[in-house]
1. Would you mind calculating the gained length between SER206 and GLN389 on full extension (0.36 nm times residue separation, minus the Cα-Cα distance), in nm to one decimal?
2. To the nearest 10 degrees, how steeply does helix 344-357 sit against the main Cα axis of the chain, on a 0 to 90 scale?
3. For SER312, project a label point 7 Å along Cα to C-beta. Then give me every residue of the stretch 325-363 with its amide nitrogen under 12 Å of that point.
4. For the chain, modelled as a Gaussian network with Cα springs under 10 Å, which listed residue fluctuates most, PHE245, PHE43, PHE298?
5. Averaging over all projection directions, find the projected area of the Cα convex hull of the stretch 193-261 and quote it in nm² with one decimal place.
6. Can you give me the orientation-averaged projected area of the convex hull built on the Cα atoms of the stretch 198-305, in nm²?
7. Dividing the convex hull volume of the Cα atoms of the stretch 224-275 by its residue count, what figure in Å³ per residue is obtained?
8. Tell me, what is the FRET efficiency for SER25 and ASP244 to the nearest 0.05, using R0 = 60 angstrom and their Cβ-Cβ distance as r?
Amino acid sequence: MPDDSLDAVVTDPPYDAMINYCDSSDLMFVWLKRALRSSHPWFGVTTDPDGLQEKTQEAVIKFGSVGDDHRTEAHYKKCITKAFEQARRKVGAEGVVSIVFGHGDPDAWARVLTAISDAGLVLTGSWPCSTEKGGKQTGEYIDNTIMMACRAAAADRPVGDVRRVDDEIRAEIARRVPDWTADGLADSDQRMAAIAPAMEVVGRYSEVRDFTGAPVPIQHFLGLAHKAVEEAANVRIEKFRLTDFDERTRFAISWARQHGRRVAAASEARWQRLSYDMSDSDVEGIITKEKGGSRLAFGDESASRPDLHSTSAVIDIALAVAAEGRSLSDIAGALHLLDRENDEMLWAAMGELARLVGEGDRDGQIWAWAVRNRHLICGQAQRARTEHQKELEVKAAQDSQISMF
């Protein structure tokens, strides 16, 4: 087709490594080329050494590949970028390129969004769409996809400062969250829907740089988009906002709000860590890996942490309480030693966690029981503190008398 000849290109491109289309249909191809030998002799003509379909230009990543299969991440990115670049040329400066995409893996989003940018396109509009379940071949289900409207990037876009761009992203997502909520999008779907508006803002600039002048990676904006949804929702836990809590506790409560105690796909943990700019080691003791993904850790799984102290994260103290079981003296003793029995944020967090995981959960039962018996626990902890203080005073007096002799 000639350049500048179309008003729009609408495409639903392959979703990274979600489905291996040619490999899946080879099962039919090997029989059809025999069945159609007389009526369609051309059908079975192929240069593939195994007599299967040719896959040299298939724009997918071959997951679980062995040997020297060419369908790598680099191959996919090259093919998809070329396709988007051709679409941009055919629609011209005023045309629209509409791209539908959805995936659970942040790396897959980074690849397709980078390809859009490298093809000279910028997002100018986006809409979350409720769709069918995605392919299970890689374990990455999708419930919602994003319809992204793109246009040719202007040549005179300015260079952006990441601090200003981050603020613009937060403002744009805050503007859209009420509409998404009114449309019935769940929290997890809103986080996915936030990716495109974030990239709309980024697309206003030819490049976004940090304070050192270095380009900001696209993963930064993906994580910020997810976090901005949480900030815009202004989640309240009793008299506190979620943003009032320390990072580890915010991570844990946010995870529990989305997944409870369920095992979530491994990609969900990557998204959550990306949102909070945290590494695997940063969330140790909060979530634990299991077959099929990750889940919120139980208190007795985190009880071996030896570094608890008076300024430890609220979630770590809450997990320590859960590990003590239904024992007034044990919980009171633990909180007394950590000087946290009067920590209002701790009690609020335990109440919220109990609600999120449910009282049928073994930790949920303990948290709910502890909150209901807070006055007894605090009273016992205070008595333990008073007794401990008396012991210190007696010891100090004895030491003073010994020094006189």
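The values are calculated or read from the model by the stated rules, or taken from the named source; none is laboratory data. Computed from a prediction, not measured in an experiment: that's the story for all the values here. Neighbour counts are summed over all protein chains in view; Cβ atoms, including those assigned to glycine, are modelled from backbone coordinates with ideal geometry. We work out accessible area using only protein heavy atoms, side chains counted, and drop any ligands, DNA or RNA first. Shrake-Rupley method; radii C 1.70, N 1.55, O 1.52, S 1.80 Å.
1. Contour length minus Cα-Cα distance gives 59.5 nm.
2. Taking Cα atoms only, the helix is inclined about 50 degrees.
3. Residues passing the 12 Å test: 334-340.
4. Judging by the Gaussian network model, the answer is PHE43.
5. 6.2
6. Mean orientational projected area (the stretch 198-305, Cα hull): 8.8 nm².
7. Each residue corresponds to 76 Å³ of Cα convex hull volume.
8. 0.65
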